[in-house]
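Asks: Here's a structure for you.
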Amino acid sequence: LSAGNGAENGTPEVIDALAFREDWLQRLGINPSSAVLVGIDGDSMVPELHHGDLALIDQSRIVPRSGQVYAFTDTDGSTRVKRIDVLPGQGYILRSDNPNYRAEARLSEEANRVQIIGLVVWSGHTWPSR
């Protein structure tokens, strides 16, 4: 998923698998068949998500709630991750956690072309070398 300007994502491909405990997924209300693990590309969601992080997406949670972080396909076909604010009857404000990035609006017809992939429910990243 793209998390920043200039971050391009190509064709989705399975590169590996990571096991999660089924009881942990159940406690979070996640059906394993609805869970998908993706890589993060870019720095617009720092400090929440870092470039190179893995993020677990619950594809069953596609109705956005304000303030939550979602994976989505944007109007240009790119897959992205942002914090979404819902403007009832109007559209969405897409926000980055990194203050160096400006919020973006998807209003009216443009908002209808945004396809929510799912809610980000977990992330993990490699700690920097010391």
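Asks: Output wanted: per-residue J couplings in Hz (rounded whole) for the range 40-55, from phi through Karplus 6.51 cos²θ - 1.76 cosθ + 1.60, θ = phi - 60°, x for Gly and Pro.
Replies: For the range 40-55, the Karplus curve yields 9, 10, x, 10, 6, 9, 5, x, 5, 10, 10, 4, x, 4, 9, 10 Hz.
Asks: What's the FRET efficiency of Arg102 with Arg65 using the Cβ-Cβ distance as r and R₀ = 25 Å, to the nearest 0.05? Mind showing how you got there, number by number?
Replies: Numbers: r = 22 Å, r/R0 = 0.89.
Efficiency at R0 = 25 Å is approximately 0.65.
Asks: Determine one quarter of the surface area of the Cα convex hull of the chain, which equals its mean projected area, and express it in nm² to one decimal. Please report the intermediate quantities before stating the final value.
Replies: Values: hull surface 35.7 nm².
Averaged projected hull area, Cα only: 8.9 nm².
Asks: A further question on this structure: Could you work out how far apart the two model spin labels at Thr73 and His51 are, taking each label as a point 7 Å from the Cα in the direction of the beta carbon, and quote it in nm?
Replies: In this crude label model, Thr73 to His51 measures out at 2.7 nm.
Asks: Can you work out ³J(HN,Hα) from phi for every residue in the range 27-32, in order, using Karplus 6.51 cos²θ - 1.76 cosθ + 1.60 and θ = phi - 60°, giving whole Hz and x for Gly and Pro?
Replies: Each residue of the range 27-32 in turn: 4, 8, x, 9, 7, x Hz.
Asks: So, one more: Give me, ordered by chain and number, the residues 5 or more places off Asn98 or on other chains with an amide H under 5 Å from its own placed amide H.
Replies: Met45, Val46
Asks: Rounded to the nearest 20 Debye, what is the dipole magnitude of the chain about its Cα centre when Lys and Arg each give +1 and Asp and Glu each give -1 at the C-beta? Each step should come with its number before you reach the end.
Replies: Details: 12 positive and 17 negative charges, 79 e Å.
It comes to approximately 380 debye.
Asks: Right, something else. Picking from Val69, Val120, Val46, which is most flexible by a Gaussian network model of the chain using Cα springs under 10 Å?
Replies: Val46
Asks: Mean separation of Cα pairs under 8 Å and 6+ residues apart, divided by the residue count of the chain: what relative contact order is that in percent?
Replies: Details: 257 pairs, mean separation 33.6, N = 130.
It rounds to 26 percent for the chain.
Asks: Can you classify the range 53-111 as rounded, prolate or oblate using the Cα gyration tensor, where a ≥ b ≥ c are the square roots of its eigenvalues, rounded means a/c under 1.5, and otherwise it's prolate if a/b beats b/c and oblate if not? Present the calculation step by step, with values, prior to reporting the outcome.
Replies: Details: a/c = 1.45, a/b = 1.17, b/c = 1.24.
It is rounded, given that a/c, with a ≥ b ≥ c, falls under 1.5.
Asks: Show the residues, 5+ positions off or on another chain, whose built amide H is closer than 5 Å to the amide H of Gln68.
Replies: Long-range HN contacts for Gln68: Ile84.
Readers should treat all values here as calculations from the given coordinates under stated rules, not as data from a laboratory. Everything numeric in this text was worked out from a predicted model, so none of it was measured. Neighbour counts are summed over all protein chains in view; Cβ atoms, including those assigned to glycine, are modelled from backbone coordinates with ideal geometry.
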